[in-house]
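*Asks:* Take this structure first; my questions come after.
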Amino acid sequence: MNADIFIGIDMGSTGLKAVAFEGGSGATLASSGTALPYERLPGGGCELRGQAIDGALVQALRRVSRQLGRRVGGVRAVGCTGHGAGFYALDAHQRLLDGRAAGSTDQRAAARARALAARHGTALFEDVGCGPWSGQPSLIAAELYGADATQRARIRHLLFAKDYLGFLLTGSIATDASDASTAGLLSLATGTWSTFAFEVAGLSDLVPRALPPIVPSGTVIGSLLPSIAADCGLPAGLPVAMCSIDLLASLTAVGAEQRGQAVSVMGTWCVNAVIAPAREPKPAVGAVVRFGEPDQRLYLENSPSSMANVAWLARTLQFDSAAAVVECAMASPLGAGGLRFFPFVNGGSAPPGASAGFIGLQAHHDRTHMARAVVEAVVAQHARHIRRLGAFGLGAPGRVAALGGGARDARLVQLLASFLGHPVERCGDDETGARGAALYAARSQGQGGELPAPCDVVPPSAHDARAHSDFFEGFGELVDQLAPAFAHHAKGTA
């Protein structure tokens, strides 16, 4: 007898993938991924057309269905996860407002976020667990539509990426606590929408009419629409489950909570997280997130860009791919001949107003040195965030897992291990988000089993431990010392 099958769909900051997993074994039975054509706009905009999302979703599910063949009848449920924040708003016709969404790396509200932080940052952290930042749905909405009440009234439903996928599949509108909280819009004390967060953004009128109901992850929100089922070759009436934000889905997939691990997600964003009991007073980390367990919190130390810096260099210097940048970087020794890079192509809040750039650039440096400097900075920034979590006693000492696209390359994980000074578990399976979504789908059907992700352990470099330690400490000092310059430059470009 064939085991049950569960499909997880993950919409990230660069692409959408659907993966079918076998219940019990966790084996990948079918997989399809499609790049999403985000558009970079003047002023820091990052937008995605609704038609691109719709097409990528249907295409991925069709391909998974075809790969499953006769086993497609064994699919029992679907779950959707995705990147947090950004702006996914529906209009009165239940279509994406103006036919587009904004990604979480959208920076058009950066100046607004800095001004709001100066006035209300402390109070917001106490209420929702984070200060204001440019990718929040509330600040993007305020920047694009907030000055005009008529335009603002066009926002009928405010969703997140995974919720929009769920809506396309079922016609149902709902979200979960992890997305609302990661976006800084959920009261940590009550687990309900924060009226304060919307008031300070000038959007208090959205609270009673545009915010979706919050339901637990692992809850069935509806059945696959007949038209979608027929178009994609999936069973009619297939249950679709509410899932968590992609970060929490990935942590769930690798069992990080049970292991007490800190996790670095080496993706578009520089995401670093630990699940631990709720604390008061709150540790002064980047963000504190409430999710399904009221006595647990997801503690985050993040920067808006990780592998996005590598992708930027690939475009700018015309490498064939981000992987080609990493390959080129490995031809240069540690330190890139004295060249350093600040990995903030999508901005940063620590230091405030941080932006990207090279320092120490000289005539003898070439693209190999530049590639090495970018890669080292990306990994060092992850290590800085992990160290900061550890300074608050968050995460079991010496236990870190690396996920995301960057973790596919063991050399990057070894560089992280060398900066941290201890081995790092590598879950190079870049489907952990989809795997977590499928796990929530299984739970929605009363199946509490696991879908284990393949992992291995990467030790630090056997050589030059002192050199890696010195580089890491020096990099952190350099970033901190340039904080006044970042702030000055951000003020001048506001």
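*Asks:* Being of a type in the set (D, E, K, R), modelled with pLDDT of 95 or more and over 21 Å from the mean Cα position of the chain (by Cα) narrows it down to one of R49, R63, so name that one.
*Replies:* R63
*Asks:* Additional query: Can you tell me which residues in region 449-474 are at pLDDT 95 or above and farther than 14 Å from S418 by Cα?
*Replies:* G474
*Asks:* With (1) at pLDDT below 95; (2) in the same structural domain as A117 (by TED's automatic domain parsing) as the list, and S187 as the residue in question, which single condition is left unmet?
*Replies:* If we test S187 against (1) at pLDDT below 95; (2) in the same structural domain as A117 (by TED's automatic domain parsing), just (1) comes out false.
*Asks:* Further question: Starting from region 319-339, keep only residues that are within 9 Å of A371 (Cα to Cα), then list their pairs with residues that are among the polar types (S, T, N, Q) and surrounded by 15 or more Cβ atoms within 10 Å (Cβ to Cβ) whose Cβ atoms are within a distance under 6 Å, requiring at least 6 positions of separation or different chains.
*Replies:* Pairs that qualify, where the first residue is within 9 Å of A371 (Cα to Cα) and the partner is among the polar types (S, T, N, Q) and surrounded by 15 or more Cβ atoms within 10 Å (Cβ to Cβ), are C328/T368; S332/T368.
*Asks:* Right, another one. Please tell me if R108 is in contact (Cβ under 8 Å) with a residue 24 or more places away in the chain, surrounded by fewer than 24 Cβ atoms within 10 Å (Cβ to Cβ), over 14 Å from A142 (Cβ atoms) and charged (D, E, K, R).
*Replies:* no
*Asks:* Moving on to the next point. Need a quick list: strands (runs of 3 or more DSSP E) entirely within region 335-425 having at least 2 residues that are over 27 Å from L251 (Cα atoms).
*Replies:* 340-342, 357-359
*Asks:* Moving on to the next point. Within region 230-245, track down each residue that is part of a strand (DSSP E or B) and crowded, with 22+ Cβ neighbours inside 10 Å.
*Replies:* Of everything in region 230-245, those that are part of a strand (DSSP E or B) and crowded, with 22+ Cβ neighbours inside 10 Å turn out to be V240, A241.
*Asks:* Filter region 449-479 down to the residues that are in contact (Cβ under 8 Å) with a residue 12 or more places away in the chain and among the acidic types (D, E), then identify the one that is nearest to G406 (Cα to Cα).
*Replies:* Here the residue is D456.
*Asks:* Can you find, within region 305-324, the residue that is surrounded by the most Cβ atoms within 10 Å (Cβ to Cβ) among those that are more than 22 Å from the chain's Cα centre (by Cα) and of a type in the set (A, V, I, L, M, F, W, C)?
*Replies:* Ranking the candidates gives F319 first.
*Asks:* S250 versus (1) in contact (Cβ under 8 Å) with a residue 60 or more places away in the chain; (2) assigned by TED's automatic domain parsing to the domain that holds I9; (3) surrounded by 16 or more Cβ atoms within 10 Å (Cβ to Cβ); (4) at negative phi: which is the lone unmet condition?
*Replies:* Every listed condition holds for S250 apart from (2).
*Asks:* Checking the condition at pLDDT below 95 and either in a helix (DSSP H, G or I) or touching a Ser or Thr at 6+ places or on another chain (Cβ under 6 Å) (or both), which residue from G446, G433 passes?
*Replies:* G433
*Asks:* Quick check on my filter: what residues within region 182-206 are part of a loop (DSSP other than H, G, I, E, B) and either polar (S, T, N, Q) or surrounded by fewer than 16 Cβ atoms within 10 Å (Cβ to Cβ) (or both)?
*Replies:* Result: S187, A189, T190, G191, T192, S194.
*Asks:* Would you check which residues across region 387-412 are crowded, with 24+ Cβ neighbours inside 10 Å and touching a Ser or Thr at 6+ places or on another chain (Cβ under 9 Å) and list them?
*Replies:* Once the filter is applied, which keeps residues that are crowded, with 24+ Cβ neighbours inside 10 Å and touching a Ser or Thr at 6+ places or on another chain (Cβ under 9 Å), region 387-412 yields V400, A401, A402, L403, G404, G406, A407.
*Asks:* Would you pick out the residues in region 42-64 that are of a type in the set (A, V, I, L, M) and either in contact with a Ser or Thr (Cβ under 6 Å, 6 or more places away or on another chain) or free of Cβ contacts under 8 Å to residues at least 60 places away in the same chain (or both)?
*Replies:* Once the filter is applied, which keeps residues that are of a type in the set (A, V, I, L, M) and either in contact with a Ser or Thr (Cβ under 6 Å, 6 or more places away or on another chain) or free of Cβ contacts under 8 Å to residues at least 60 places away in the same chain (or both), region 42-64 yields L48, A52, A56, A60, V64.
*Asks:* For region 76-96, which residues satisfy the criterion of being more than 15 Å from L165 (Cβ to Cβ), among the hydrophobic types (A, V, I, L, M, F, W, C) and surrounded by fewer than 23 Cβ atoms within 10 Å (Cβ to Cβ)?
*Replies:* A92
*Asks:* Next question, about the same structure. Among the residues in region 313-327, are any assigned to a helix (DSSP H, G or I), among the hydroxyl-bearing types (S, T, Y) and under 27 Å from D480 (Cα atoms)?
*Replies:* Yes - at least one qualifying residue is present in region 313-327.
*Asks:* Which of the residues spanning region 236-253 are under 20 Å from S264 (Cα atoms), in contact with a helix residue (DSSP H, G or I) (Cβ under 7 Å, 6 or more places away or on another chain) and of a type in the set (A, V, I, L, M)?
*Replies:* Hits for region 236-253 are I245, L248, A249, L251, A253.
*Asks:* Right, here's the next one. Any residue that is crowded, with 16+ Cβ neighbours inside 10 Å and either in the same structural domain as N346 (by TED's automatic domain parsing) or farther than 24 Å from A101 by Cα (or both) - is there at least one of those in region 31-51? If you could, list the steps in order and put the result at the bottom.
*Replies:* Narrowing region 31-51 to residues crowded, with 16+ Cβ neighbours inside 10 Å: 31-34, 36, 38, 44-50.
Imposing the further condition that a residue be either in the same structural domain as N346 (by TED's automatic domain parsing) or farther than 24 Å from A101 by Cα (or both) reduces the set to 31.
Looking for residues that are crowded, with 16+ Cβ neighbours inside 10 Å and either in the same structural domain as N346 (by TED's automatic domain parsing) or farther than 24 Å from A101 by Cα (or both), one finds at least one in region 31-51, hence yes.
*Asks:* Select the helices (runs of 4 or more DSSP H) contained entirely in region 98-173, then report the ones holding at least 2 residues which are hydrophobic (A, V, I, L, M, F, W, C).
*Replies:* Passing ranges, in order: 110-128, 137-145, 161-170.
*Asks:* Would you be able to say whether some residue in region 73-87 is part of a helix (DSSP H, G or I) and modelled with pLDDT of 95 or more?
*Replies:* Checked region 73-87: at least one residue is part of a helix (DSSP H, G or I) and modelled with pLDDT of 95 or more.
*Asks:* Which of the residues spanning region 32-66 are assigned to a strand (DSSP E or B) and either of a type outside the set (D, E, K, R) or out of contact with any Asp or Glu (no Cβ under 7 Å at 6 or more places or on another chain) (or both)?
*Replies:* S32, G33, T34, A35, R40, L41, G45, C46, L48, R49
The values are calculated or read from the model by the stated rules, or taken from the named source; none is laboratory data. Quick caveat, the model's predicted, so the values are computed rather than measured. Methodologically, a virtual Cβ is constructed for each residue, glycine included, from the backbone with ideal geometry; neighbour enumeration extends over all protein chains shown.
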